[in-house]
Amino acid sequence: MSGVGKGVATASIGALLKARGLKVTAIKVDPYLNVDPGTMNPIEHGEVFVTTDGLETDQDLGNYERFLDEDLGHLSCMTSGSVYLSVIMRERSLGYGGKTVEAVPHIPLEIIGRIRAAADLADADVTLVEVGGTVGEYQNIMFLEACRMMHLEAPKDVLVVLVSYLPVPNSIGEMKTKPTQYAVRTLNGVGLQPNMIICRSTHTIDAPRKRKLSVNCNVATEDVIAAPDVGSIYEVPAFFRKEHVDERIVMKLGLRTRPPRMKPWKDLLTRIGKSRKLVRIGVVGKYFSTGDFVLTDSYLSVLEAIKHAAWFVGRKPEIVWLNSEDFESRPATLAKTLRSLDGVIIPGGFGTRGIEGKLAAIKYVREKSIPYLGLCYGMQLATVEAARNLLGWKDANTTEIAPKTKHPVIHLMDEQEGKMKDKDYGGTMRLGSYPCVLKKGSLAHRLYGRVTISERHRHRYEANPIFREELEKAGLVVSGVSPDGKLAEIVEIQKHPFFVASQFHPEFLTRPFHPHPLFLGFMKAAVKRGRR
Ligand code: GLN
C-alpha cells in the first residue's frame, strides 16, 4: 500500500549496494494514467520532485537521490500514462509495421525497453525498479508482467522483493502475517515469486513469524527481513545491513563485491544522535486535509532539507506546520506564533488560497528580524510584500492572483503566454536546472562560496524586471540572476539577520551528507536567534 515505505526501502537497498562499490540506479513506476504527476493536485500526490533534466516526478525520486547521493534523470520515472502514450504514438507513426498492437506484450516490452535504457544510461550494475501500488490491483499489472518477462529471460538477474505491511492490531497486540501471505499468493497468481519479503510494521518481526512466512510464502527465513518503524529514515540502511539484506542480494545476483563502506552513514547517525537541542522552524504553507487527516507530504524535500541543515549544526529540528489561512482568519495568532520561532520558511505553491496569510507572515518576519527563507512562491510573495509595504504600492501582486493589477511585480514569463492560451499545461513550466550568477559580496555569494551555481526550477511566473530598480532601492536586493541578467533568481534584504528567497527550489539539491548552502545559512541564523 502507499506510504508503507517502499521508496525508503528501495533507496536503502540502493545505498547499501552503492556502499559495496556497485553502480546503482533506481526507477520509480507509478501505475496511474497521468503522464507525470506535474498536473496533479498535492492531495492526490504529495510533492512533485523535479530532476536536473526537468522531469516532474514522484517524491520517491527525491529519496533515491538523497540516499544514493546521485542525480537521476528523465529515464528514472514512468507512469502507465507515459508508457501507453509512447506505445500509441509509435503505433500512429507505423512503428509496429501494421501489426495488431496489444496490451501484452507491447506494453511490457515498452516498460522493459525503458528499464534497460535507464540501466544503460547509468551504466548500472544493479537497477532498482520500485513498482508503486498494491499487488492485486489492476493498474500495475502491466509492470508485474514486465517483471515476469524479464525474469523469464534472465532468471538469475532479476530479483523480486515484496515490501509488505504487517499490522499489530491494538485489540490483540500481536503481529499478523496473514495479509502478507495473501499478498504473496496474489503475486504468485501473476507468475512472480518474491525472493525476499521486507516486513514493514510498527514492530520487529520475531523468529516464529519469520519462520511462518518462510514456510507459507516459499522464501528462506533469512530472506524475511524485519523493517520496524525507526526514528529516522536514515537509520534504515544500517538496519537492513544488520538483517543482511545487501549480502543476500549480491549473493543471489552472483555479484562479487567488497563489504559495504558504511562510515558516511555511521557518521550521519552519530550526528543525528548528538543533535538534541531544538531549533524551531515554522513552515507556512497550504495544508491539505483529506477527511480527518492533514497531509504535509507536499513539502517532503523541504522537510529533509531542514533536517540535513539542522543536524549539520548539531540541532534537532522541531518543525511547526503553520496553515497560512489561519493567519487570515485569526491575525492575533500570527505574532504570537511567529515570535516563538527561530526561523520561518515559505515554500513553493500555486493559486490564491492562503496568500494574504503568507504575505502577513513575511511582513512580520521582515520587520521583526526573524530569519526567513523563501522558496519559489516564497520569493515571489516576498517581492509582493516588499512592493506593498516598502514602496507603498498597496495593489502590488503577482498576476497569478491579480491579472489586472497596476503593479504586477511578479508576472507570467513570456515563454508561458502561448502555453496558457493553448491550455498546454503538462510539463510546460520552466523546469529543471538552470545556471544562476551571484552578485559578488552578497549573502548568497558568501553562502555558496562561488559565483555561478545551478539550481532546479518549477514555475511559470517571474519577477517583473521593470520594477527591479525601485525594489532594490527599497532594500530588496537581487543577488542572483540568470546569465543574461534578465531573470531574478535570488532576492535578499541585507539589513536583516537572514532574509533570502530564491526563484528556484534549493530543497531538491539537499543531501544528508552535505546540506544545501541556503538552508545551512538559514539554519545558522535560526540557531543564533534561538540563543536570544
Ligand atoms: N505559482 C508560482 C509560479 O508558477 C510559483 C511556483 C512554485 O512555487 N513552484 O511561478
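Bear in mind that the values in this text are calculations on the coordinates, not laboratory data. Remember, predicted model here, so these are calculated numbers, not experimental data. Don't worry about glycine lacking a Cβ; one is built from the backbone with ideal geometry, like all the others, and counts go over all protein chains shown.
Per residue of segment 159-168, what does 6.51 cos²θ - 1.76 cosθ + 1.60 with θ = phi - 60° give for ³J(HN,Hα)? Whole Hz please, x for Gly and Pro, Karplus curve as stated.
Each residue of segment 159-168 in turn: 10, 10, 10, 9, 9, 10, 10, 10, x, 10 Hz.
For the residue pair Asn188 and Phe293, what label-to-label distance in nm results when each label sits 7 Å from Cα along the Cα-to-beta-carbon direction?
Placing both labels 7 Å beyond Cα along the Cβ direction yields 3.1 nm.
Can you tally the net charge around Leu253? Count Lys and Arg as +1, Asp and Glu as -1, for every other residue whose Cβ sits under 12 Å from the Cβ of Leu253. It would help to have the intermediate numbers written out before the result.
Details: positive: Arg20, Lys156, Arg248, Lys252, Arg256; negative: Asp125, Asp157, Asp246, Glu247.
Charge balance in the 12 Å sphere: +1.
Just report the Cα centroid separation between segment 408-460 and segment 297-316, whole Å.
Centre-to-centre (Cα) distance: 23 Å.
Beyond 20 Å, what share of the Cα-Cα pairs of segment 207-326 remains, rounded to the nearest whole percent?
62
Report the Cα-based extents of segment 67-129 along its three principal axes, largest first, to the nearest Å.
44, 20, 18
Ignoring everything except DSSP H segments at least 4 long, calculate the 222 nm mean residue ellipticity for the chain; use -39,500 (n - 2.57) per segment, divide by total residues, nearest 500.
Computed mean residue ellipticity for the chain: -11500 deg cm²/dmol.
If you take the alpha carbon radius of gyration of the chain and divide it by 2.2 N^0.38 Å, what ratio comes out, to two decimals?
Numbers: Rg = 24.6 Å, N = 532, 2.2 N^0.38 = 23.9 Å.
Computed over Cα atoms of the chain, the ratio equals 1.03.
Counting other Cβ atoms within 10 Å, keep those with at most 13, restrict to DSSP loop, and tell me which GluC sites (Glu not before Pro) in segment 29-121 are left. Please report the intermediate quantities before stating the final value.
Details: sites: Glu44, Glu47, Glu56, Glu65, Glu70, Glu91, Glu102, Glu110; in loops: Glu47, Glu70, Glu102.
Passing both the DSSP loop test and the Cβ count: Glu102.
For segment 1-58 and segment 328-370, what is the separation of their Cα centres, given in Å?
Going from one Cα centre to the other spans 31 Å.
Suppose R0 equals 30 Å; then what is the FRET efficiency for Ile401 and Ser329 from their Cβ-Cβ distance, rounded to the nearest 0.05? Before the final figure, lay out each step's value.
Values: r = 18 Å, r/R0 = 0.61.
Computed FRET efficiency for Ile401 and Ser329: 0.95.
Does segment 290-353 classify as rounded, prolate or oblate by the C-alpha gyration tensor (a ≥ b ≥ c root eigenvalues; a/c under 1.5 gives rounded; else a/b over b/c gives prolate, otherwise oblate)? Write out the running numbers ahead of the final one.
Numbers: a/c = 2.04, a/b = 1.31, b/c = 1.55.
It comes out oblate by the Cα gyration axes.
Please go through the residue pairs Lys212/Lys266; Lys156/Lys176; Lys6/Lys178; Lys363/Lys473 and name each one whose alpha carbons sit more than 24 Å apart in this structure. Write out the running numbers ahead of the final one.
Details: Lys212/Lys266 33 Å; Lys156/Lys176 32 Å; Lys6/Lys178 19 Å; Lys363/Lys473 18 Å.
The pairs that break the limit, which is 24 Å between Cα atoms, are Lys212/Lys266; Lys156/Lys176.
Counting other beta carbons within 10 Å of each Cβ, put Ser298, Ser86 in order, fewest first. Intermediate results must be reported in sequence, preceding the final value.
Details: Ser298 22, Ser86 18.
Ascending number of Cβ neighbours within 10 Å: Ser86, Ser298.
As an exercise, identify the GluC sites (Glu not before Pro) in segment 362-462 lying in DSSP coil whose Cβ has no more than 14 other Cβ atoms within 10 Å.
Details: sites: Glu367, Glu385, Glu400, Glu415, Glu417, Glu455, Glu462; in loops: Glu400.
Passing both the DSSP loop test and the Cβ count: no residue.
Using 0.36 nm per residue of separation minus the Cα-Cα distance, give me the extension gain between Lys421 and Thr452 in nm, one decimal. Before the final figure, lay out each step's value.
Numbers: separation 31, 0.36 × 31 = 11.16 nm, distance 3.44 nm.
Stretched out fully, the Lys421 to Thr452 stretch lengthens by 7.7 nm.
How many percent of all Cα-Cα pairs in segment 446-532 sit more than 19 Å apart?
Numbers: 1669 of 3741 pairs.
Roughly 45 percent, rounded to a whole number.
With the cut-off at 1.5 for a/c, could you classify segment 217-285 from its C-alpha gyration tensor as rounded, prolate or oblate? Please report the intermediate quantities before stating the final value.
Values: a/c = 3.06, a/b = 1.96, b/c = 1.56.
The shape class here is prolate.
For segment 330-416, would you read off the P(r) tail past 15 Å as a percentage of all alpha carbon pairs? If you can, show how the numbers build up before the last one.
Values: 2161 of 3741 pairs.
Cα-Cα pairs in segment 330-416 separated by more than 15 Å: 58 percent.
For segment 145-155, in order, what is each residue's ³J(HN,Hα) by Karplus, 6.51 cos²θ - 1.76 cosθ + 1.60 with θ = phi - 60°, in whole Hz (x at glycine and Pro)?
3J(HN,Hα) across segment 145-155, in whole Hz: 4, 4, 4, 4, 5, 5, 5, 4, 5, 9, x.
What is the sum of charges around Ile27, taking Lys and Arg as +1, Asp and Glu as -1, for the other residues whose C-beta is under 12 Å from the C-beta of Ile27?
Values: positive: Lys28, Arg114, Arg116; negative: Asp30, Asp58, Asp60, Glu130.
Counting the neighbours of Ile27, the net charge comes to -1.
Tyr372's amide H: which non-local residues (gap 5+, or another chain) put their own amide H closer than 5 Å, with H modeled 1.01 Å from N in plane and none for Pro or chain starts?
Residues meeting the criterion, in which the H sits 1.01 Å from N, are Val344, Phe498, Phe499, Val500.
Expected output is a single nm value to one decimal: the length gained when fully extending between Asp206 and Lys440, i.e. 0.36 nm times separation in residues minus the C-alpha distance. What is it?
Details: separation 234, 0.36 × 234 = 84.24 nm, distance 5.90 nm.
Stretched out fully, the Asp206 to Lys440 stretch lengthens by 78.3 nm.
Once you keep just the Cα pairs under 8 angstrom separated by 6 or more residues, what percentage relative contact order results for the chain? Each step should come with its number before you reach the end.
On the way: 1014 pairs, mean separation 76.7, N = 532.
This gives 14 percent for the chain.
Just list whichever of Lys28/Lys307; Lys307/Lys524; Lys358/Lys394; Lys440/Lys486; Lys28/Lys252; Lys23/Lys252 have alpha carbons separated by over 20 Å in the model shown. It would help to have the intermediate numbers written out before the result.
Numbers: Lys28/Lys307 24 Å; Lys307/Lys524 13 Å; Lys358/Lys394 16 Å; Lys440/Lys486 17 Å; Lys28/Lys252 23 Å; Lys23/Lys252 17 Å.
Violating the 20 Å limit, Cα to Cα: Lys28/Lys307; Lys28/Lys252.
For segment 72-134 and segment 209-253, what is the centre-to-centre distance using only Cα atoms, to the nearest Å?
Taking the Cα centre of each part, segment 72-134 and segment 209-253 sit 30 Å apart.
Using the Karplus curve 6.51 cos²θ - 1.76 cosθ + 1.60 with θ = phi - 60°, work out ³J(HN,Hα) for each residue of segment 506-521 in order, rounded to whole Hz, and write x for Gly and Pro.
x, 4, 7, 10, 6, 9, x, 7, 8, x, 6, x, 5, 5, 5, x
So how compact is segment 189-248: Cα radius of gyration and Dmax in angstrom?
Spelled out, the Cα radius of gyration and Dmax of segment 189-248 are 12.0, 36 Å.
What is the order of Thr337, Thr221, fewest Cβ neighbours within 10 Å to most?
On the way: Thr337 19, Thr221 12.
Ordered by Cβ neighbours within 10 Å, fewest first: Thr221, Thr337.
Among the aspartates and glutamates, which fall within straight-line cross-link reach of Lys439, defined as a Cα-Cα distance under 18 Å, with same-chain neighbours fewer than 8 residues apart omitted?
Candidates past the 8-residue exclusion: Glu455, Glu469, Glu470, Glu472, Asp484, Glu489, Glu492.
Quick one: which residues, 5+ away or cross-chain, put their amide H under 5 Å from the amide H of Val135? H built at 1.01 Å from N.
Here the answer is none, since no amide H 5 or more places off falls under 5 Å of that of Val135.
Could you list Met89, Met40, Met150 so that the one with the fewest beta carbons within 10 Å of its beta carbon is first and the one with the most is last? Present the calculation step by step, with values, prior to reporting the outcome.
On the way: Met89 10, Met40 14, Met150 18.
Placing the least packed residue first, the sequence is Met89, Met40, Met150.
When the convex hull of the C-alpha atoms of segment 117-177 is computed, what volume per residue in Å³ does it have? Show your work: numbers first, answer last.
On the way: hull volume 8.4 nm³, N = 61.
Taking the convex hull of the Cα positions in segment 117-177, it is 138 Å³ per residue.
Any idea what log10 I(q)/I(0) is at q = 0.11, 0.15, 0.17 Å⁻¹ for segment 100-247, Debye with uniform C-alpha scatterers and no solvent?
Results for segment 100-247 at q = 0.11, 0.15, 0.17 Å⁻¹ read -0.48, -0.86, -1.06.
Does segment 18-113 come out rounded, prolate or oblate, given a ≥ b ≥ c as the square roots of the eigenvalues of its C-alpha gyration tensor, rounded meaning a/c under 1.5 and, failing that, prolate meaning a/b above b/c? Numbers along the way, then the final one.
Values: a/c = 2.67, a/b = 1.56, b/c = 1.72.
Here segment 18-113 falls in the oblate category.
Over all directions, the average projected area of the alpha-carbon convex hull for segment 338-389 comes to how many nm²? Please report the intermediate quantities before stating the final value.
Values: hull surface 13.1 nm².
One quarter of the hull surface, i.e. the mean projection, equals 3.3 nm².
Please report the relative contact order for segment 296-432, taking Cα pairs under 8 Å with a sequence separation of at least 6, and give it as a percent rounded to a whole number. Could you put the intermediate results ahead of the total?
Values: 136 pairs, mean separation 21.6, N = 137.
Dividing the mean separation by the residue count of segment 296-432 yields 16 percent.
So what's segment 388-532 giving for Cα Rg divided by 2.2 N^0.38 Å, two decimals?
Values: Rg = 16.4 Å, N = 145, 2.2 N^0.38 = 14.6 Å.
With N residues counted in segment 388-532, Rg over 2.2 N^0.38 Å equals 1.12.
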